[in-house]
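I have placed the structure first, in the form of structure tokens, so that the comments after it can refer back to it.
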Amino acid sequence: MAASPTLLQFLLMLVAGWLQRQQAATIDYLKAENRMLRARLGGRRIIFTDAERRQLAEKARALGRRAMDELGTIVTPETLLRWHRELVARKWTFVERRSPGRPRTREELAALVVRMARENRTWGYTRIQGAMANLGHRLGRGTIRSILKDHGIEPAPERGKGMPWSVFRLGGFASRASRRIRTRSGCCRWQDS
């Protein structure tokens with residue numbers, strides 16, 4: 001039984017040595033390829049995209065300065081490490097997340113508030129707030145007021161009193177027709193009620 005662990009260790013050492021030789025050969029090939037590409041480029045600069053810079057900076061940081069000096073990279077090790085510092089600094093600035101003031105109400109919620117107000121003319125801000133809470137959305141009365149004001153909808157007491165132009169126009173004909181009275185001479189005259 002004592003011989004089998006040593007045999008297993010010997011086999012593992014053989015496989016590990018073979019893998020190391022394979023990796024060393026791959027690294028030598030990539031170094032030679034980088035030297036050739038740098039020679040072809042001459043003094044011209046390569047313009048990298050932000051995604052490429054980010055990827056190179058992360059890989060360079062994992063390698064370290066000494067290994068990058070041995071590799072002969074396309075970009076100097078100082079530049080790669082500077083890109084990594086900028087990447088780390090940009091991660092903690094939160095610039096893209098900042099915006100002045102309070103975040104706006106989502107458009108779907110605003111549309112739902114407007115729909116409720118139009119379909120239920122007698123509902124006030126508090127009733128709409130309760131209906132939104134029943135649907136699982138927490139909105140304040142002031143937010144509902146602002147949404148309705150932005151969409152040109154009046155508060156509940158005035159909302160029920162107002163009449164759309166189309167209804168007013170049709171209603172006007174009916175009221176004028178009911179006030180018209182014929183006289184004996186066949187002429188029409190208006191009677192105020």
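The values are calculated or read from the model by the stated rules, or taken from the named source; none is laboratory data. What you see is a predicted model; the values in this text were computed from it and never measured. Glycine gets a Cβ as well: all are built from the backbone with ideal geometry, and neighbour counts include every protein chain shown.
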Kindly provide the set of residues from the stretch 119-145 that are surrounded by fewer than 16 Cβ atoms within 10 Å (Cβ to Cβ) and polar (S, T, N, Q), ordered by number.
120, 122, 126, 134
Restricting to the stretch 1-39, count the residues that are assigned to a helix (DSSP H, G or I), over 20 Å from residue 69 (Cα atoms) and either of a type outside the set (Val, Ile, Thr) or in contact with a Gly (Cβ under 9 Å, 6 or more places away or on another chain) (or both).
18
Members of the stretch 38-56 found to be surrounded by 10 or more Cβ atoms within 10 Å (Cβ to Cβ) and either in contact with an Asp or Glu (Cβ under 7 Å, 6 or more places away or on another chain) or modelled with pLDDT under 80 (or both), listed by number
38
Are any residues in the stretch 41-61 more than 11 Å from residue 75 (Cα to Cα) and free of Cβ contacts under 8 Å to residues at least 12 places away in the same chain, and if so, which ones?
42, 43, 44, 49, 50, 51, 52, 55, 59
Condition check: in contact (Cβ under 8 Å) with a residue 40 or more places away in the chain and not assigned by TED's automatic domain parsing to the domain that holds residue 33. Does residue 117 satisfy that?
yes
